[in-house]
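Following: one structure in structure tokens, then a few remarks.
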Amino acid sequence: MGDTASTGPVMDRDEVDRALARLGAEHEAIETSLLALQDHAGRRLLEGAELTGVTSERWAAAEASITLLWAYFDAYTGALRTAREIRSRRRWSSREDLVELTELLSGEAVTVAGSAAATAGAPTLHGGPGRLSERYSLSTLVERMNQLYATSLDMVVAADAVWSALPARIDLLAAELQRTRKLAHSVGVRPGEHPAGDDLERITRTLTKLREQVVSDPLAFWRPAEGSSAPGGGRPDTTVYDREARALEDVRREIDAVLAVRQDAEQRIVRLRDVLSRADRTLAEARTARGEVLAKIAATEVPVVSGPPIVLQEQLAAAAEYRRHAQWHRLSPLLESLEEKAEDELQRARESLTAVTAPLAIRAELRGRLDAYKAKVARLGFAEDPELVEKYEKARRMLWSAPCDLRVAEQAVLRYQHAAAELLGSAPRVPGQGGPVDRTGPGA
């Protein structure tokens, strides 16, 4: 929409013709804009909708503004028609014609019935109680139409943008929700039995309420752009929709996990049985080893070995029962918990076996050390040394007798080692029998 010239001195004929041409072009632009607003899809939807809340209030004001817009435009059209008629009376307009045209084109010569503004519920230019009529200049009338057009179009465009964006997306999400509900029901994810089933019910209620609110009060979901004065500047508020879409995606992932459980449940239960069986066998081996240690090793604290994990076996039996009755939503978390606990139980059994057999390992290490030194001494030609033989036999009797006192046996092995080391350190080295060889003589 354009603007007209302000009032001033009496126009000449050329100024009048230019003003009429400008006003004619402006009239066409205003008419085009009003017709476009009249045919706007958002306006037609607003007219037929049952509105509530802020949209109902703003649409009532917008309807009043549009009614007043047409009243102003009709007055504007009438003034322009009158001016054209005066100009067309004669080719060379008289002084009286020019004065009349100047007043019509520049002064407050356009009359709008006061009832039009009152009917539209819009304030009059001069305020105060309603008058029988209001007088405007064409420039003032255009300013008023521009303001009313901008506010009306802004409201219509905002409502149309929300209706174009949200209901369709909500419907698509609702369709996905229904598919997810059917899939969830097939794997036992139901309200009251699984948290994901409760989430599906909540999402369904929220989406139903959200769609009703969007349809009846679209402007409640409109966020104007900061600093923008253009009609329709802003965006639909999708906060609630986005939150529920994320919640549905979380539920879908949970159902996918349940489906994965259904596909490999049997293999996972077999693996669990194997892990728990290995843990039982390891514990049984630890108990047997403990008896052996108590019989063969003296003066040693041997840890007590616990029995098999009865609770885990009961949970494994419950998992098999859930699988048999296709209760996948219950089987999924139970299998995850059991797999972690079973690995922990196997590790505990291995640590128990290691702790129980530690004295036997120490005895085996002492035996190996004693035999290694004996072999070394024999290789260097001192196998028949009486002192070494005596110390060896004493350490050997201790290590190969039951019960074995590891502390005493270790001291005996150390005494044999020290005696062997002293003997080997003082004896001359024989070439070819180990140890350093004297290479300082001739031919070195």
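The values are calculated or read from the model by the stated rules, or taken from the named source; none is laboratory data. Computed from a predicted structure; not experimentally measured. Note that we place each Cβ from the backbone using ideal geometry, even for glycine, and neighbour counts take in every protein chain shown. Note: areas computed on protein heavy atoms with side chains; ligands, DNA, RNA excluded. Shrake-Rupley method; radii C 1.70, N 1.55, O 1.52, S 1.80 Å.
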Inset, instruction - Would you tally the residues in segment 311-357 being over 30 Å from residue 251 (Cα atoms), surrounded by 13 or more Cβ atoms within 10 Å (Cβ to Cβ) and hydrophobic (A, V, I, L, M, F, W, C)? - result: 5
Legend entry - Given (1) open to solvent by less than 10 Å² (accessible area, probe 1.4 Å); (2) under 30 Å from residue 254 (Cβ atoms), number of the condition residue 141 does not satisfy: (2)
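May I ask you to list the residues in segment 313-332 that are closer than 21 Å to residue 183 by Cβ and in contact (Cβ under 8 Å) with a residue 12 or more places away in the chain? Talk me through it step by step, then tell me what you get.
We begin by selecting, within segment 313-332, every residue closer than 21 Å to residue 183 by Cβ; these are 322-323, 325-332.
Residues satisfying the conditions are 322, 323, 326, 327, 328, 329, 330, 331, 332.
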Inset, instruction - Count, please, the residues in segment 158-185 that happen to be open to solvent by less than 70 Å² (accessible area, probe 1.4 Å) and closer than 21 Å to residue 322 by Cα. - result: 2
Inset, instruction - Of the conditions (1) open to solvent by less than 20 Å² (accessible area, probe 1.4 Å); (2) over 29 Å from residue 184 (Cα atoms), residue 306 clears all except one; give me its number. - result: (1)
Inset, instruction - Hey, can you tell me all the residues within segment 372-405 that are touching a Gly at 6+ places or on another chain (Cβ under 7 Å) and not in a loop (DSSP other than H, G, I, E, B)? - result: 379
Legend entry - In segment 244-268, the residues that are open to solvent by 70 Å² or more (accessible area, probe 1.4 Å), under 14 Å from residue 179 (Cα atoms) and in contact with a helix residue (DSSP H, G or I) (Cβ under 8 Å, 6 or more places away or on another chain): 252
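Taking the criterion of being open to solvent by less than 60 Å² (accessible area, probe 1.4 Å), of a type outside the set (Val, Ile, Thr) and over 25 Å from residue 305 (Cβ atoms), would at least one residue in segment 404-412 satisfy it?
If we filter segment 404-412 for residues that are open to solvent by less than 60 Å² (accessible area, probe 1.4 Å), which is where we start, we get 404-406, 409, 412.
Next, only the ones that are of a type outside the set (Val, Ile, Thr) stay: 404-406, 409, 412.
Imposing the further condition that a residue be over 25 Å from residue 305 (Cβ atoms) reduces the set to 412.
Checking segment 404-412: at least one residue is open to solvent by less than 60 Å² (accessible area, probe 1.4 Å), of a type outside the set (Val, Ile, Thr) and over 25 Å from residue 305 (Cβ atoms).
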Legend entry - segment 406-425, residues that are under 27 Å from residue 297 (Cα atoms) and either touching a helix residue (DSSP H, G or I) at 6+ places or on another chain (Cβ under 7 Å) or not in a helix (DSSP H, G or I) (or both): 406, 408, 409, 410, 412, 413, 415, 416, 417, 419, 420
Legend entry - Some residue of segment 215-226 being outside any helix (DSSP H, G or I), surrounded by 19 or more Cβ atoms within 10 Å (Cβ to Cβ) and of a type outside the set (D, E, K, R): yes
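When the residues of segment 363-386 are filtered to those that are among the small types (Gly, Ala, Ser) and modelled with pLDDT of 80 or more, which remaining residue is farthest from residue 413 (Cα to Cα)? I'd like the intermediate steps shown before the answer.
So the first thing to find is which residues in segment 363-386 are among the small types (Gly, Ala, Ser), and the list is 364, 368, 372, 375, 378, 381, 383.
Then drop every residue that is not modelled with pLDDT of 80 or more, which leaves 364, 368, 372, 375, 378.
Working: 364: 12, 368: 10, 372: 11, 375: 14, 378: 16 Å.
Looking at the filtered set, the residue picked out is 378.
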Inset, instruction - Test residue 253 against the stated conditions and say whether it is free of Cβ contacts under 8 Å to residues at least 40 places away in the same chain and part of a strand (DSSP E or B). - result: no
Inset, instruction - Considering only segment 137-185, state which residues are of a type in the set (Ser, Thr, Tyr) and in a helix (DSSP H, G or I). - result: 139, 140, 149, 151, 152, 164, 180
Inset, instruction - Just need a number here: residues in segment 257-298 that are assigned to a helix (DSSP H, G or I) and at pLDDT below 85. - result: 18
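Which residue, of 188, 233, is at pLDDT below 95, open to solvent by less than 30 Å² (accessible area, probe 1.4 Å) and under 28 Å from residue 40 (Cβ atoms)? Talk me through it step by step, then tell me what you get.
Details: 188 fails: under 28 Å from residue 40 (Cβ atoms).
Result of the check over 188, 233: 233.
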